[in-house]
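Participant: Mind having a look at this structure? Questions to follow.
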Amino acid sequence: MKNIRNICCIGAGYVGGPTMAVIAKQCPGIKVTVVDLNEARITAWNDEDSNNIPIYEPGLSEVVAEARGRNLFFSTDVDKAIDEADIIFISVNTPTKTYGAGKGMAADLKFIELCARQISRVAKSDKIIVEKSTLPVRTAEALRDILHNTGNGVKFQILSNPEFLAEGTAVSDLLNPDRVLIGGDSTEDGKEAVEALVNIYAQWIPRERILTTNVWSSELSKLVANAFLAQRISSINAISELCEKTEADVNEVARAIGTDSRIGSKFLKASVGFGGSCFQKDILNLVYISRSFGLNEVADYWEQVIIMNDHQKKRFATNIVRDLYNTVSGKKIAFLGWAFKKDTNDTRESAGIYVADELLNEQANINVYDPKVKDKQIYADLDYLKTREPQVNREVLTVFNDPYEACKDTHAIAILTEWDEFKEYDWQRIYDNMLKPAKIFDGRNILDAEKLRAIGFKVKSIGVN
């Protein structure tokens, strides 16, 4: 069995950074080097004040502070880290293609291929390559083709080890996971590579929670897990619209069905819609793969999850316009929250981006406050849509560092992220400084609507008549 002493992770983002920090913490005898070509990101990871690291996750700064400099290192010297490594994790971005065949659905694997070619160029000794990025089924085959045809005599084993992290609880998910999934070849070399990775995780995770499969099952399991979770959210959001047309309360419906042991209570929270880097991308990938095999009914089924999610975000914006007397032109609306969920500064596919875009198209002015997302990121999210010129976005949307200032003199407030602090605000003070009638659109159903109504607010919640 190969003795693993050096790990390299290519990609210092939301997956690579936290995962490697926890591995380094739990395996002090292994040197872990996280590499990235983004110098600013690596500089932030190396900041002496661990609270300034580029990713906000509860508990992450403490884990980084414990291991960094001991056996956890962040570097831009990719070649050196590859050369030294026994195991190389690939954790680079795999966005949905914005061009060519599969545009809007297929995963763009150009960064994965670049990693493979760099590894094949640099490696002088046998390596275990671990797919950590979320990838379409059969990606390992492409990696194998590139790595096994280098002609330099180095042997590579390709493993799939998908992440199942929930942002906001990533550190606890890594320290105490439901399961760790490792896929590899059934050859002797493949089994040995799988066992090498199993032994790393087994230093803190019970062996019965470490599942091993073939590579293809592992790759597909990641897509399917996210698809099933997203499906539940879209399902309850579809019911929320029906509840608003009847006298049903979606929270009561969710509680009633969630007590059924066959269904369970998780991911039955009605909201303005799901976001994040994985759900939409993975479902679109599943749709593309299904269509490529001629499985159109399968593709249509999963595509409807995305259609419902897009509808929910647009419906939320439309309801704001309708409730503000069918026009928001020149009106000021405060957004509380921009991150796609609480306890993270990740904004990818956040509902706030798309709701803001809809309202800006209706000529509204928007004030934004989020406790962890910086103004630079908020403007970048809007600019990426290319709906209007960047300068226009900065004229019609203002980012605040104080929630009370963000809400002052506004016509309405929209809750876009379920940050706990929103429930603790002095809502009487906010009400007193708003234009009347003061309206709240709770896109996360986190506020006590009756208490707010007692103050004088007009409150609209998701899935409640």
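Quick note: the coordinates plus some simple rules give every number you see, no bench work behind them. Values in this document were obtained by computation on a predicted structure and should not be read as measured data. Here Cβ is always computed from backbone atoms with ideal geometry, including for glycine, and neighbour counts include all displayed protein chains.
Participant: How about residue 124: which lysines have a C-alpha closer than 20 Å to its C-alpha, ignoring those fewer than 8 places off in the same chain?
Facilitator: Result set, ordered by chain and number: 2, 31, 80, 155.
Participant: Return 148, 311, 411 ranked ascending by Cβ neighbour count within 10 Å, so the fewest neighbours appear first.
Facilitator: Placing the least packed residue first, the sequence is 148, 311, 411.
Participant: I would also like to ask the following. Would you order 131, 349, 303 from fewest to most other beta-carbon atoms within 10 Å of each residue's own beta-carbon?
Facilitator: Exposure proxy ranking, most exposed first: 303, 349, 131.
Participant: In debye to the nearest 20, how big a dipole does the range 132-273 give about its Cα centre with +1 on each Lys and Arg Cβ and -1 on each Asp and Glu Cβ?
Facilitator: For the range 132-273, the charge dipole is close to 80 debye.
Participant: Using only the Cα atoms of the range 396-438, build the gyration tensor, take square roots of its eigenvalues as a ≥ b ≥ c, and label the shape rounded, prolate or oblate: rounded if a/c is under 1.5, else prolate if a/b is larger than b/c, else oblate.
Facilitator: Since a/c reaches 1.5 but b/c is at least a/b, the shape of the range 396-438 is classed as oblate.
Participant: Pick out, in residue order, every one of the chymotrypsin sites (Phe, Trp or Tyr not before Pro) in the range 313-387 that is DSSP loop and has at most 11 other C-beta atoms within 10 Å; say none if there are none.
Facilitator: 325
Participant: If you average 1/r over all unlike Cα pairs in the range 146-204 and invert the result, what Kirkwood radius do you get in angstrom?
Facilitator: Hydrodynamic radius (Kirkwood, Cα only) of the range 146-204 equals 13.4 Å.
Participant: Next up: Give the lysines reachable from residue 97 as a straight Cα distance under 27 Å; neighbours fewer than 8 places away on the same chain don't count.
Facilitator: 110, 132, 222, 281, 313, 314, 341, 374, 376, 386
Participant: Using only Cα atoms, find the angle between the long axis of helix 215-245 and the longest principal axis of the chain, and express it within 0 to 90 degrees, rounded to the nearest 10.
Facilitator: Its long axis makes an angle of about 10 degrees.
Participant: Given the chain reduced to its alpha-carbon atoms as identical point scatterers, what log10 I(q)/I(0) does the Debye formula return at q = 0.10 Å⁻¹?
Facilitator: Listed by q, the Debye log ratios stand at -0.79.
Participant: Let me know the whole percent of all Cα-Cα pairs from the range 123-267 that are separated by more than 26 Å. Spell out each step's value before the answer.
Facilitator: Working: 4392 of 10440 pairs.
Roughly 42 percent, once rounded to a whole number.
Participant: Where the centre of each part is set by its Cα atoms, how far does the range 44-63 sit from the range 73-120, in angstrom?
Facilitator: Result: 24 Å between the Cα centres.
Participant: Using the 2.2 N^0.38 Å rule of thumb for compact globular proteins, work out how the range 245-291 stacks up: its C-alpha Rg over that value, please. Working shown, then result.
Facilitator: On the way: Rg = 14.8 Å, N = 47, 2.2 N^0.38 = 9.5 Å.
Compactness ratio reported: 1.55.
Participant: Under 1.5 on a/c is rounded, so check that first for the range 59-139, then, if it is not, pick prolate when a/b is larger than b/c and oblate when it is not; a ≥ b ≥ c are the square roots of the alpha carbon gyration tensor eigenvalues.
Facilitator: The shape class here is oblate.
Participant: Skipping prolines and chain starts, which residues have an amide H placed within reach, meaning under 5 Å, of the one on residue 414, given they are 5 or more residues away or on another chain?
Facilitator: Result for residue 414 returns 334, 335, 336, 441.
Participant: Using the alpha-carbon atoms, what tilt in degrees (0 to 90, nearest 10) does helix 110-122 show relative to the longest principal axis of the chain?
Facilitator: Result, in degrees: 30.
Participant: If you don't mind, another one. For the chain, take the longest principal axis of its alpha carbons; what is the angle in degrees between that and the long axis of helix 375-385, to the nearest 10 within 0 to 90?
Facilitator: In the chain, helix 375-385 runs at an angle near 90 degrees to the longest axis.
Participant: With a 10 Å Cβ neighbour count serving as the proxy for reagent exposure, in which order, fewest first, do 287, 459 appear?
Facilitator: Ascending number of Cβ neighbours within 10 Å: 459, 287.
Participant: Per DSSP helix of 4 or more residues, -39500 (n - 2.57); summed, then divided by the residues of the chain. What does that give at 222 nm, rounded to the nearest 500?
Facilitator: -13500 deg cm²/dmol
Participant: Ok, one more. When DSSP beta bridges are limited to those with both residues in the chain, what percentage is antiparallel, rounded to the nearest 5? It would help to have the intermediate numbers written out before the result.
Facilitator: Working: 3 of 50 bridges.
Antiparallel: roughly 5 percent of the beta bridges in the chain.
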